[in-house]
1. Which of the residues that make up region 57-78 are touching a residue at least 24 places away in the same chain (Cβ under 8 Å) and not β-branched (Val, Ile, Thr)?
2. For the subset of region 116-150 comprising residues that are in a helix (DSSP H, G or I), of a type in the set (Val, Ile, Thr) and out of contact with any strand residue (DSSP E or B) (no Cβ under 9 Å at 6 or more places or on another chain), which member is nearest to Ile69 (Cα to Cα)?
3. Please go through region 122-138 and give me each residue that is closer than 23 Å to Ser39 by Cβ, of a type in the set (A, V, I, L, M) and surrounded by fewer than 20 Cβ atoms within 10 Å (Cβ to Cβ), ordered by number.
4. If we keep just the residues of region 27-47 that are exposed (fewer than 14 other Cβ atoms within 10 Å of the Cβ) and polar (S, T, N, Q), which is nearest to Ala138 (Cα to Cα)?
5. Out of Gly119, Gly80, Gly144, which single residue is modelled with pLDDT under 95, surrounded by 17 or more Cβ atoms within 10 Å (Cβ to Cβ) and among the small types (Gly, Ala, Ser)?
6. Kindly list the number of the only condition in (1) in contact with a helix residue (DSSP H, G or I) (Cβ under 6 Å, 6 or more places away or on another chain); (2) part of a helix (DSSP H, G or I) that fails for Val65.
7. Under the condition of being of a type outside the set (S, T, N, Q) and part of a loop (DSSP other than H, G, I, E, B), which residue from region 26-62 is nearest to Pro90 (Cα to Cα)?
8. Could you tell me which residue of region 91-113 is nearest to the chain's Cα centre (by Cα), considering only residues that are part of a loop (DSSP other than H, G, I, E, B) and without any contact (Cβ under 8 Å) to a residue 40 or more places away in the chain?
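The values are calculated or read from the model by the stated rules, or taken from the named source; none is laboratory data. Computed from a prediction, not measured in an experiment: that's the story for all the values here. Note that each Cβ is placed from the backbone with ideal geometry, even for glycine, and that neighbours are counted across all protein chains shown.
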Amino acid sequence: MRLELRWLNCLWLMVPLLAWNIVLAPEITLEKVISDANSPVWLLTAENITRIIIFAFPLILPLRVQNNISKKGLTVYIIGTLLYFASWIPLIWMPASDWSASTIGLLAPRLTPLLPFLGIALIGHSAPYAVFSVIFIALHTWHGIQNLTL
């Protein structure tokens, strides 16, 4: 099997997610969202390793929306990305709200990236990427659950 890097790959689909994180992550100041204090080193390490895989793997996935699977993947990606973006807004604009203090509100930014990642897996026809996505989201969410006791 030969891996080919192409200019038109699924990494482009990661750009909006990365840009959102880079620009808005400093705006989230809730300790229950940003703290690493309650998480063991092994969990943080596993989360970061899978994060690297999740963000690098799309380099080898071709970005071609030509069949029904990839078209459905694009739909899942778009809806998932919008939900992911929406999950951050209450934490930034209304950090004292009931939603921002709730378990689901605090974990939503950790859970919702699964949808765009699964969309990328469908677009790139990659079951391994889907598996790594689920593992990353599980670790990322577990990290978030560790913070709920703060």
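1. Phe57, Pro58, Leu59, Leu61, Pro62, Leu63, Arg64, Ser70, Lys72, Gly73, Leu74, Tyr77
2. Of everything passing the filter in region 116-150, Ile120 is nearest to Ile69 (Cα to Cα).
3. Answer for region 122-138, where residues must be closer than 23 Å to Ser39 by Cβ, of a type in the set (A, V, I, L, M) and surrounded by fewer than 20 Cβ atoms within 10 Å (Cβ to Cβ): Val131, Val134, Ile135, Ala138.
4. Restricting to residues being exposed (fewer than 14 other Cβ atoms within 10 Å of the Cβ) and polar (S, T, N, Q), the top hit is Thr45.
5. Residue meeting the stated conditions: Gly144.
6. (2)
7. Here the answer is Ile28.
8. Ranking the candidates gives Thr112 first.
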